[in-house]
Structures are given as structure tokens and as C-alpha cells.
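All remarks here apply to the structure that follows.
The values are calculated or read from the model by the stated rules, or taken from the named source; none is laboratory data. The model shown is predicted, which means the values in this text are computed figures rather than measured ones. So basically every Cβ, Gly included, is an ideal-geometry build from the backbone, and we count neighbours across all protein chains shown.
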Amino acid sequence: MRAAQEKYGDNLVVLLVDEQETVEEVKAFAERYNLKSVFVMDDRGTVAQLYRMFSTPTTYFISPNGVIQSIWSGVFDMSWVDENMQAAGF
């Protein structure tokens, strides 16, 4: 995640949705891994339901015009990010 952000800079926006941990746990996780992403707390599971998320982690690549281009279940591979960024014109 961090490598993808460093590689693509402002051309890649990463939003992390958390539905299981407390705010304190999420802050500790972000600090431990030096993550600068925006965390969205989904304590009611609304985002998970809207995006039909069945497992964690699940990564969605959403194009600049807001269309889901690809979904990856599990820990994503950097080549998946590269392919999607290239398809989006970056």
C-alpha cells in the first residue's frame, strides 16, 4: 500500500475502510506501518454492504470517474496496482 502511494503520488488516492477495530487500534496500526492514508470508520458495516465486501482485506480500484474497474480479495500485489493505473492512463 505504502509502495503504491509512493510510486503514484497524487495520482493514487487510498482510502482504508475499517469495520472491526476501534479508532485507537486503527491509529496504532497506521503509526506502526507509517501509513498516511485516510481511514474511514465503518462501524455499522454500511460501506461493506454497499460494495458487497465478503472478506478482508478487499481492495477496489475505482477509476477517476468513479467506476469500479477491478476488485482484489486478499493482500494485493503491486502488479495489480500497476495494471490498473496503466489502464487508467497513469
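Within the range 1-10, the set of residues being surrounded by 12 or more Cβ atoms within 10 Å (Cβ to Cβ), part of a helix (DSSP H, G or I) and either touching a strand residue (DSSP E or B) at 6+ places or on another chain (Cβ under 9 Å) or modelled with pLDDT of 85 or more (or both) comprises A4, Q5, K7, Y8.
In the range 20-27 there is at least one residue that is assigned to a helix (DSSP H, G or I) and touching a strand residue (DSSP E or B) at 6+ places or on another chain (Cβ under 7 Å).
Name every residue in the range 51-60 that is surrounded by fewer than 11 Cβ atoms within 10 Å (Cβ to Cβ) and either more than 22 Å from W80 (Cα to Cα) or hydroxyl-bearing (S, T, Y) (or both), in order of residue number.
Applying the first criterion (surrounded by fewer than 11 Cβ atoms within 10 Å (Cβ to Cβ)) to the range 51-60 yields 52, 54-55.
Within the range 51-60, just S55 meets the criteria.
Applying the criterion of being modelled with pLDDT of 90 or more and of a type in the set (D, E) to the residues of the range 11-44, the residue that is nearest to T59 (Cα to Cα) is D42. The number of residues in the range 51-90 being of a type in the set (G, A, S) and part of a loop (DSSP other than H, G, I, E, B) comes to 6. Filtering the range 29-50 for residues that are in a strand (DSSP E or B), of a type outside the set (F, W, Y), out of contact with any Asp or Glu (no Cβ under 9 Å at 6 or more places or on another chain) and surrounded by 13 or more Cβ atoms within 10 Å (Cβ to Cβ) leaves an empty set. Among residues of the range 18-29 that are without any contact (Cβ under 8 Å) to a residue 60 or more places away in the chain, none has a Cβ under 6 angstrom from a residue that is exposed (fewer than 12 other Cβ atoms within 10 Å of the Cβ) and among the acidic types (D, E) at a sequence gap of 6+ or on a separate chain.
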